[in-house]
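J.: Sharing a structure with you now.
Quick note: the coordinates plus some simple rules give every number you see, no bench work behind them. Predicted model, so just to flag it, every value in this text is computed and none were measured. A quick note on method: Cβ atoms are made from the backbone with ideal geometry, for glycine too, and the neighbour counts reach across all protein chains shown.
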Amino acid sequence: MPDCCIIGGGIVGLSIARELAGRGATVRVVARDQDRSTSSWAAAGIFPPAPRHAGETPGETLTGWSDELHRLWARDLLDETGIDNGLVTCGGLHVAGDAARLTALDAIGASWRDRNARCELLTAAGAMEVEPGLADAVRRGVIVGGIYLPEETQIRTPRHLEAVRRSCENRGVAIMDGSDVTAIRVTDGQINGIEVTTAAGNRETVQADAYCLAAGAWSGGLAAQLDLALETKPVRGQIALLRFPRPILTRVINMGVDYLLPRPDGRLLVGSTLEDAGFDGSTTAAAIDRLRTVATTLLGDISAASLEQVWAGLRPGSSDGLPSIGRLPGCHNGFVAAGHFRAGLHQSTGTAVLIADLITGKEPTIDLAAFAPDRPRTTRDPLMPP
Ligand SMILES: Cc1cc2nc3c(=O)[nH]c(=O)nc-3n(C[C@H](O)[C@H](O)[C@H](O)COP(=O)(O)OP(=O)(O)OC[C@H]3O[C@@H](n4cnc5c(N)ncnc54)[C@H](O)[C@@H]3O)c2cc1C
């Protein structure tokens with residue numbers, strides 16, 4: 001089994017490390033940022049329904065397969081680490097504020113059914129029945145109906161990350177926290193070392209048989225050192241975490257790109273923004289105010305809630321909505337897994353298995369052509385939702 005070095009300690013890098021170590025490889029993860037400054041720690045943890053279906057796109061194939069793997073990983077992670085990552089099929093409502101939006105949601109619902117997902121069109125009264133916490137918004141006419149997706153799922157992001165990290169450690173993965181990769185050395189189409197400044201300020205060269213670039217939004221900058229144009233545009237997302245004395249919702253509530261994600265302990269995530277702010281990962285008062293307004297619009301009086309925390313993360317955007325997963329062009333022992341945009345948590349399990357297959361010389365389970373790092377791109381705006 002090869003010695004592997006993974007650049008990036010977000011959910012993509014850690015999942016790859018876990019999978020490789022589980023196959024008997026020696027693995028080192030080099031990760032610059034601590035915890036919450038990565039996109040992964042910022043993620044809400046919503047998994048839209050992902051049933052397999054005939055004629056699915058490559059992105060749907062990756063998501064559907066990853067979704068199945070998540071169910072297995074959740075069980076295995078609990079066994080290995082004792083951490084329950086909270087993966088639960090809680091259902092999700094997508095609500096409309098006017099008749100035009102309800103018509104649009106009806107069409108979206110039909111396309112979900114075409115893709116084998118269960119989906120029900122709801123009147124305003126139906127929405128209130130599925131989620132009594134929306135009664136106030138229905139009475140005020142803010143919600144005129146919606147669609148209900150019973151298979152929408154949530155995961156407790158920090159718990160999942162902690163479990164994957166703990167599993168990595170149990171499997172012998174060496175994690176170099178606070179270590180910044182400053183240069184990637186290549187000779188004759190082969191990476192022969194990466195230069196790292198460690199948390200203690202020392203400069204070291206890390207060598208391995210195989211390297212995987214999984215540095216989220218920063219992957220493009222690192223790939224540029226290899227003269228590779230890899231698209232991972234940072235797209236900032238901010239979240240406000242409210243805490244209610246008791247749970248007020250049980251389903252994920254989506255309205256346009258905004259959502260309310262209830263946890264069983266009374267916490268409620270309100271998200272999220274989609275912003276082009278470069279590599280500025282800070283929160284802004286204006287965005288957090290807007291998120292509070294979203295919560296008030298959908299729930300009415302939220303004075304019982306306290307604002308427990310706010311945070312932001314930089315999603316690794318990609319203009320065709322697909323991540324780059326594969327061998328680094330022109331590099332025998334270099335691989336990449338980056339650009340998962342709004343679905344990186346969901347797609348992390350499948351991505352991990354695919355990269356581990358490539359590194360260990362196994363035929364990947366799904367066709368990787370659509371994810372090739374050097375594929376021609378369409379010109380979709382990465383700030384638009386997929
Ligand atoms: C607000 C928000 C909500 C989201 N909600 C969801 C959701 O509900 N469902 C979902 O599936 N996805 C969601 N996402 C998207 C998801 O978070 C990302 O797609 C995913 O986390 C990307 O993971 P990553 O490991 O590629 O990147 P990151 O988590 O950003 O990790 C990148 C890693 O690379 C390291 N790194 C960078 N540069 C260097 C360097 N020079 N040297 C060493 N290490 C380096 C960083 O320190 C970090 O460890 C959301 C994102 C945001 C911001």
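J.: Express in nm, to one decimal, how much length is gained between E162 and R203 on full extension, taking 0.36 nm for each residue of separation and deducting their alpha carbon distance. Before the final figure, lay out the partial values.
T.: Details: separation 41, 0.36 × 41 = 14.76 nm, distance 2.79 nm.
Computed gain between E162 and R203 is 12.0 nm.
J.: Pop out the ³J(HN,Hα) list for the stretch 256-267 in order, Karplus 6.51 cos²θ - 1.76 cosθ + 1.60 with θ = phi - 60°, rounded to Hz; leave Gly and Pro as x.
T.: Calculated HN-Hα couplings, in order: x, 8, 8, 8, 10, 10, x, 9, x, 8, x, 6 Hz.
J.: Relative contact order for the stretch 113-217 using alpha-carbon pairs under 8 Å, separation at least 6, rounded to a whole percent?
T.: 16
J.: Related question: Could you tell me whether the stretch 45-97 comes out rounded, prolate or oblate from its Cα gyration tensor? Rule is a ≥ b ≥ c as square roots of the eigenvalues, rounded for a/c under 1.5, then prolate if a/b exceeds b/c, otherwise oblate. Mind dumping the intermediate values first?
T.: On the way: a/c = 3.48, a/b = 1.36, b/c = 2.56.
Since a/c reaches 1.5 but b/c is at least a/b, the shape of the stretch 45-97 is classed as oblate.
J.: Return Y211, Y259 ranked ascending by Cβ neighbour count within 10 Å, so the fewest neighbours appear first.
T.: Result, fewest neighbours first: Y259, Y211.
J.: Just want to confirm a number: the relative contact order over the chain, from Cα pairs under 8 angstrom separated by 6+ residues, in percent.
T.: Numbers: 902 pairs, mean separation 88.1, N = 386.
Relative contact order here is 23 percent.
J.: Hey, what did the stretch 49-158 get for relative contact order, percent, Cα under 8 Å, at least 6 apart?
T.: On the way: 154 pairs, mean separation 39.8, N = 110.
Across the stretch 49-158, relative contact order equals 36 percent.
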